[in-house]
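This report concerns only the one structure given below.
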Amino acid sequence: MSDIFPKWTNRLPRNIIICALLVGTAVTGGVTYYFTPKYTRVGYEPIQPVAFPHSVHVTQLGLDCRYCHNGVEKSWYSNIPATSVCMNCHNQVLKDDPRLAVVRDSAASGRPIEWVQIHKLPDYVYFNHSVHVNRGVSCVECHGPINHMDEVYHAKPLSMTFCLNCHRAPAMHLRPLDKITDLDWVVTDNPRDWASQQLALGQGIINDWHVQSLQNCSTCHR
Amino acid sequence: MKTIPPPCPEPEIGPKYWRSLEQVSDTPQFRQWLEREFPAGASELTDPVSRRNFVKIMSASFLLAGLGATGCRRPVEKIYPFAKMPENYTYGVAQYFATAMPSRRGATPLVVKSNEGRPTKIEGNPDHPDSNGGTDAMTQAAVLGLYDPDRAMRATRNGFGESRAAALDYVQAVGKEAGDGTGLAFLLEQSSSPSRERLQQSLMGKFPAARWYVYEPVDLDVGRQAASLAYNSPVEPYYKLDEARVIVSLDCDFIGSEQNAHGHIRRFAKGRALETKDDSMSRLYAVESLFTLTGLNADHRLRVPPSMIVPVMARLALNVLKSSDVDQKLRDLAGPAEAHDAWIVPCAADLKANAGKSLVLAGYRLPPAAHLLVIAMNEALGAVNQTVEFHQAQVSKDGTLAELASALNAGEVRALVILGGNPAYNAPADLNWPQTQAKAKTVIRLGYYLDETSWDPAVHADTHLDLPMAHFLESWGDARTADGTIVAIQPLIDPLFGGITELEVLAVLGGIAPSSAYEIARETFRSVGGKGEDDWGKFLHDGFLADSAAPLANAQFDGAALARAVDELRAPAAAPSKEHLDLVFYRDSKVDDGRYNNNGWLQELPDPITKLTWDNAVLLSPATAKALGVFTERNSQNQKFFDFTVDVTLNGRTVRGQVWVQPGMADNTVGVALGYGREKTGRVGAGAGFNAYKLRTSDNMYYASGAALVDSHDKSYELAVTQSHWSMEGRPVIREANLDQYRKNPAFAQQMRPEQPSVVEPLYPNPLDTTKANALNQWGMSIDLNRCVGCSACMVACQSENNVPIVGKEMVGKSREMHWIRIDRYYAGPVDDPQAVAQPMLCQHCEAAPCESVCPVNATSHDDEGLNVMTYNRCVGTRYCSNNCPYKVRRFNFFDYNRRPLNHLYQSPLVMETHGEWELLRWLKNPDKGNLPEDQWQLSRLVKNPDVSVRMRGVMEKCSLCLQRIEQARIAAKVKARDSGHIRLTEADGTVPKTACQQACPAEAIIFGDISDPESRVSKAKGQERTYKVLEFLLTKPRCTYLARVRNPNPLMPDYKENPMPYTERDYINAEGAPSANGSEGGSGAQDTGKGTL
């Protein structure tokens, strides 16, 4: 019999098991990382028809988010501003700048600017902006430091896990209503105290405002 | 195949209810059919492509999809913001506009929801003085008609397309050539529009010689014509059914098919409502030949053939009217009805005993003379100004269609202007309308569809111009509701296909400037509602002009008119027999006279009584069907029930249709619904039913006698009927009592139940018990069976709100219809003359839901507020939940109904082509696109409610209690609360939403609300003693409860029978002996159906 099976075959079952475990771990790890929104969505930064720098408008000039995204407090959707909103300023400021040619064309012709959508949820998810921004959730929680972005990119995964993390424990993500659009705001500049102070603030808000951390399927899926 | 349920532990209690004749006869085949969850073949792929092939093909498709690599990249999607921001508009926030839907000589006041500029949902206007926000099914479905891809989409002259401007130029030229109007004729539909009346007046001034004709195939206006004769002045009756204690309907289906039915339902239900045992309720007597909704709601029902209606009426009049000179004539008329004296005399006595609070009604099928007799009875009963009011109305001196036909035949009409209507399809057959119409030199026709009246290559006038009509949701205009209040019609969307309104055509033709419908309606309003811009703004905002209801006429009844009327009435020559059948033409409850024939929601809505979908049928009573040898049979070949296809002949004209055996119909009577069998219609209406207009002649508009019926031996046609679908397996789900029994024992419904099972403690605690402590609201619903009349408006409202697809006739035949709420119609009593009752059935939102425990993927679960919710994206389609649901309210998407044409559901993408392109290739190019033809795809998406997911193939769905409305209300409360904690929805704040079915219900039978709030309407309703839970013994703890039905029969009537009312199982056994061994099937009632409720 020893002629048929050489000695190394004794180790074969063990090697196969080890290999299978390694491959299995690699595949599981790979899929978990590469096939989930953390990888597939985060960092998505398409080229837009107009190179609109949020950093200049918000951080340098101090525009409020709601000057342009004026539907965010009323609608499920935070609207992309109409060309006429851009032209409110840009018929005075940089009125001949070649970078704004597309905007001027749109204003003149009435044809919309074709922005590329970055943040997109599946059709079966009903996310409502107004209920979040009116109840202590800042833009920065889902969109990241958009006030410092030169070109907007997808900063957070916006996966169901991402939503649930906050819905299960909202305390770390809540802030006073007057700080909602102040994306750089932190409860304290001292990183050592931040966590405890934010938790205390969040708990206070949850209690005072009766913040419901709804986790029913029906909260988002209808 | 599902597990056959063990015999139901609940014994047969009280009356036995049955839903179909097959159930009564209880054949083994029927039992087998019923015991399947879906009928044979429903859950299988019976396509020529076998299952095995299908799997092969699908694997190939997936492979191709992978190669196409469309799945690997995120598709780039664009956002197109406005270039210029519109005012008062926020993207994503729905807007609501008040408008109205015109209907013959009335209108329904509406509030229409608009999402991003497209109307998506029609609701009644609750602010209107004569409305509670209820509507009917046709109104609810009108929004689908707006997006009908088969609409007339452009003007055509002699079949060739023409621009809108050129078409209107031509209309103007015809007006200019007309001179004083000699040779110019107008054929209009009835209308209540003050603007149209004004234009008509001004055109009459411009064209004094022009002639005006009005035609309605089903003329519901006969009551007004008769009243105007009776009072010698133009008056219109307005019925106050809530004030009446005794109502007698003489072939008047005021709940189903008369003008302003939803208004009648509202008032009738109000008069029937009970809150405590001391409340009184009205009593309804119905004399009819068909089984109608009014008959379903009647306490006493007399079925007589149509030729006997007038004799019964005369007999009733003899008993009601004071003796006068018409007595002898009435006696002659009433002769044949003497046999019914036992019924008529106590009925008349009841009317007289309640003088001043009683009301007699006559239906639209009866001639004006009969209506006059009824007015005389109401006068004698003191009903006038108590239960019926006569309001001032407009005079209408327009000619009839027959007069127009003779003018055309005499060559007196050069130019014929047809505004609306479809006479080529629905004119009386003897007028030979298509040929008659072609005798005019010029025909200008405004129509919503290119249909039978449109240009026909075979027979047409020299010049035939077809103009596309604008939908009322695209039009400016005005109308009057039943009480005379002026309502605004304002557009929610620009005409999708350049539609033109009737007002515009009249104005252009008459050279009236400005000719825009807006300016015309605005100008009319100046004269009736005020000149100021504010008045107009308020009119459009409210949707109606306050205090514009028609004033009381206060006219004197003319006794001479009665004598003339009685002279006109004729007694029947002979009673009908099976060789000489009486025939009744009736307005269909869904497609009306054929105008909604291409509306899928209405076609698929089961008729409230017959439960027929997608068809009309030749209705026969069981006895007549048996006598003629055409009683429903079972085909042993394909295990299908089949109904006989018969030829109905009347005066030499024959149509072929399917027999539907309708319990409760008068014997020797044939009932045929109008509005089906269209030759030129859209994709939906094509092939539905047969055309009963072919039998109808000018002298037999509604009733005919001497019809013959022969079996055609054609066995190819099958009806799709839902009456046996979702069977409740004979379990007693209906509880009802007579009024005196209710007064003696108000809690009868709670006692009518079996002894509860001994195991009450569940094995595991219900997670809802803990989670509901955190929730702010607990939702529940109460449905009052005493108010519900079974009109089915809720079904279409739900379909519209929740994006419920239509599935087509073939799928309905396989029990795959998708309605989230259904109306179950049960019969009780003998097959020939049963009583009936309607019960809305929807997801009961059980607290211990059987569906949830069997879902392997947790796709159905409870939320904290007690709703049983479906998560579509989790569902994998095992259908276990539907198998385990005792209420049978879960619906499965067997196909992608939203993306596939209904006649191509089974077709594989490997062989299918759309617009000449191979389907698979098309799919690879754009996987988001459906397989629907382009026009249908573009239009059908517009009607969808964006707040509800559109479900795809393989997903289970069911009633969510309008979760989207609850969520919107909750979000609105939170947005308003901001940093305060006041986020609970309360009725006191008015923040509790209404479900779509509740909103649409004209009877206010459905109440939804917060059951944790003791002050809420639903809590109070559930606190009533009539409350019961369906299938309570299963311990599912349903959140939807019912209020038991109470009938109010008259003990003196011959058909009075005290309901056998054993309250508990023990009582029942003592009274009736042990329940039958086979308690699971209502069919066991077969041996004793004779002793049912009657």
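Count charges around residue A:87 for me, please; just the other residues with Cβ under 12 Å from its Cβ, Lys/Arg as +1, Asp/Glu as -1.
Neighbour charge sum, excluding residue A:87 itself: +2.
Once you put a point 7 Å from the Cα of residue B:93 and another 7 Å from the Cα of residue A:56, both along the Cβ direction, what distance in nm separates them?
3.1 nm
Using alpha carbons only, what's the Rg to Rh ratio of the stretch B:773-899 with Rh from Kirkwood? Don't jump to the answer; show the numbers that get you there.
Working: Rg = 16.6 Å, Rh = 16.7 Å.
Taking Rg over the Kirkwood Rh, I get 1.00.
Convex hull volume of the Cα atoms in the stretch B:744-842, per residue, in Å³? Present the calculation step by step, with values, prior to reporting the outcome.
Numbers: hull volume 25.1 nm³, N = 99.
Value for the stretch B:744-842: 254 Å³ per residue.
Checking the a/c ratio against 1.5 first, then a/b against b/c, what shape does the Cα gyration tensor give for chain B?
Values: a/c = 1.40, a/b = 1.10, b/c = 1.27.
It is rounded, given that a/c, with a ≥ b ≥ c, falls under 1.5.
For a Förster distance of 41 Å, can you work out the FRET efficiency between the beta-carbons of residue A:64 and residue B:771, rounded to the nearest 0.05? Working shown, then result.
Details: r = 39 Å, r/R0 = 0.95.
Result of the calculation: an efficiency of 0.60.
Would any residue of the stretch B:806-839 have its amide N under 19 Å from a label point 7 Å out along Cα→Cβ of residue B:883? List them or say none.
B:815-816
Report the normalised scattering of the stretch B:214-294 as log10 I(q)/I(0) at q = 0.17, 0.18, 0.22, 0.25 Å⁻¹, calculated by the Debye formula with identical scatterers on the alpha carbons.
So the normalised log intensities are -0.78, -0.86, -1.14, -1.29.
At q = 0.15 Å⁻¹, what base-10 log of I(q)/I(0) does the Debye formula yield for the stretch B:143-290 when every alpha carbon is treated as an equal point scatterer in vacuo?
After summing over all Cα pairs, the log10 values are -1.03.
Could you work out the relative contact order of chain B, using alpha carbon pairs under 8 angstrom and six or more residues apart, expressed as a whole percent? Intermediate results must be reported in sequence, preceding the final value.
Details: 2368 pairs, mean separation 185.0, N = 1094.
Rounded, it is 17 percent for chain B.
With 24 Å as the limit, write out which pairs from B:772/B:994; B:814/B:888; B:809/B:958; B:626/B:809 have Cα-Cα distances beyond it, or answer none.
Details: B:772/B:994 21 Å; B:814/B:888 15 Å; B:809/B:958 21 Å; B:626/B:809 27 Å.
Result: B:626/B:809 exceed 24 Å.
Given a Förster distance of 25 Å, report the FRET efficiency between residue B:160 and residue B:926 from their Cβ-Cβ distance, rounded to the nearest 0.05. Mind dumping the intermediate values first?
On the way: r = 34 Å, r/R0 = 1.34.
The value I calculate is 0.15.
Please work out the Kirkwood hydrodynamic radius for the stretch B:812-860, using every pair of different C-alpha atoms, and report it in angstroms with one decimal place.
Details: mean 1/r = 0.0714 Å⁻¹.
So the Kirkwood estimate lands at 14.0 Å.
Does a label point 7 Å from the Cα of residue B:513, set along Cα-to-beta-carbon, have any residues of the stretch B:182-222 with amide nitrogen under 18 Å, and which are they?
B:203, B:206
If each of residue A:26 and residue B:554 carries a label point 7 Å out from its Cα toward its Cβ, how far apart are those two points in nm?
Between residue A:26 and residue B:554, the simple spin-label model gives 9.9 nm.
Consider all pairwise Cα distances in the stretch B:311-442 and report the whole-number % of them above 26 Å. Present the calculation step by step, with values, prior to reporting the outcome.
Working: 4059 of 8646 pairs.
The answer is 47 percent, as a whole percent.
Please report, in whole Å³, the volume per residue of the convex hull around the C-alpha atoms of the stretch B:149-224.
On the way: hull volume 12.2 nm³, N = 76.
Enclosed volume per residue, from the Cα hull, is 160 Å³.
Once you average over the residues of A:70-76, how many Cβ atoms of partner chains fall within 10 Å of each Cβ?
Details: counts 3, 5, 1, 3, 5, 5, 7.
So the per-residue partner count for this stretch is 4.
For residue B:500, enumerate residues with amide H under 5 Å from its amide H, sequence gap 5+ or separate chain, H modeled in the peptide plane.
When sequence neighbours closer than 5 places are left aside, the close amide H contacts are B:469, B:470.
Give the percent of DSSP beta bridges with both residues in chain B that are antiparallel, rounded to the nearest 5. Walk me through the numbers on the way to the answer.
Numbers: 78 of 131 bridges.
Around 60 percent antiparallel, to the nearest 5.
Expected output is a single nm value to one decimal: the length gained when fully extending between residue A:207 and residue A:97, i.e. 0.36 nm times separation in residues minus the C-alpha distance. What is it?
Working: separation 110, 0.36 × 110 = 39.60 nm, distance 5.09 nm.
Result for the pair: 34.5 nm of gain on full extension.
Please report the Cα spread of the stretch B:529-583 along all three principal axes, rounded to whole Å, starting with the longest.
Per principal axis, max minus min of the Cα coordinates gives 65, 34, 13 Å.
So if I take the alpha carbon set of the stretch B:884-972, get Rg, then get Rh from the Kirkwood formula, what is the Rg over Rh ratio?
Working: Rg = 16.4 Å, Rh = 15.4 Å.
Reported Rg/Rh (Cα atoms, Kirkwood Rh): 1.07.
Using Cα positions and a limit of under 14 Å, work out the aspartates and glutamates in reach of residue B:944, with same-chain residues fewer than 8 apart set aside.
Once the sequence-local aspartates and glutamates are set aside, what remains near residue B:944 is A:123, B:116, B:148, B:801.
What does the net charge come to around residue B:646 if you take all other residues with beta carbon closer than 11 Å to its beta carbon, with K and R at +1 and D and E at -1?
Numbers: positive: B:656; negative: B:643, B:647, B:711, B:714.
Charge balance in the 11 Å sphere: -3.
Using alpha carbons only, what's the Rg to Rh ratio of the stretch A:1-106 with Rh from Kirkwood? Write down the numbers at each step before the final one.
Numbers: Rg = 29.0 Å, Rh = 19.7 Å.
Taking Rg over the Kirkwood Rh, I get 1.47.
Grab the alpha carbons of chain A, take their convex hull, and tell me the volume per residue in Å³. Could the numbers behind the result be given before it?
Numbers: hull volume 51.7 nm³, N = 222.
Hull volume normalised by residue count: 233 Å³.
I want to verify the translational diffusion coefficient of the protein assembly as shown in µm²/s; compute it with Stokes-Einstein, Rh as the Kirkwood radius over Cα pairs, at 4 °C and 1.567 mPa s.
On the way: Rh = 34.0 Å.
For the chosen part, D equals 38 µm²/s.
Would you please classify the overall shape of the stretch B:911-1064 from the alpha carbon gyration tensor, given that a ≥ b ≥ c denote the square roots of the eigenvalues, rounded means a/c under 1.5, and beyond that prolate means a/b larger than b/c while oblate covers the rest?
On the way: a/c = 2.89, a/b = 1.53, b/c = 1.89.
Oblate shape, in that a/c is at least 1.5 and b/c is the bigger or equal ratio.
Provide, for q = 0.19, 0.21, 0.24, 0.25 Å⁻¹, the log10 of I(q)/I(0) from a solvent-free Debye sum over equal Cα point scatterers in the stretch A:135-222.
-0.98, -1.15, -1.32, -1.36
Label-point separation (nm) for residue B:458 and residue B:339, each offset 7 Å from Cα along Cα-to-Cβ?
4.4 nm
Kindly state, to the nearest 0.05, the FRET efficiency for residue B:169 paired with residue B:493, given R0 = 25 Å and r defined as their beta-carbon distance. Walk me through the numbers before you get to the answer.
On the way: r = 26 Å, r/R0 = 1.02.
The computed FRET efficiency comes out at 0.45.
Apply the Karplus parameterisation 6.51 cos²θ - 1.76 cosθ + 1.60, with θ equal to phi minus 60°, to every residue of the stretch B:140-156 and state each ³J(HN,Hα) to the nearest whole Hz, in sequence, with x for glycine and proline.
Ordered by residue, 3J(HN,Hα) equals 4, 7, 4, 5, 5, x, 4, 9, 6, x, 9, 4, 5, 10, 7, 6, 9 Hz.
State whether the stretch B:365-439 is rounded, prolate or oblate according to the following rule on the C-alpha gyration tensor (a ≥ b ≥ c being the square roots of its eigenvalues): a/c under 1.5 gives rounded; otherwise a/b larger than b/c gives prolate, and the remaining case gives oblate.
Values: a/c = 3.41, a/b = 2.68, b/c = 1.27.
In terms of gyration-tensor shape, prolate.
Magnitude of the Cβ-charge dipole of the stretch A:1-146, K/R +1 and D/E -1, about the Cα centre, nearest 20 debye? Before the final figure, lay out each step's value.
On the way: 13 positive and 10 negative charges, 94 e Å.
In debye, rounded to 20, the stretch A:1-146 gives about 440.
Read-outs: derived from the displayed coordinates by stated rules, not from any lab. Everything numeric here is computed off the predicted structure, so don't read it as measured data. Virtual Cβ from ideal backbone geometry, glycine too; neighbours counted across all protein chains shown.
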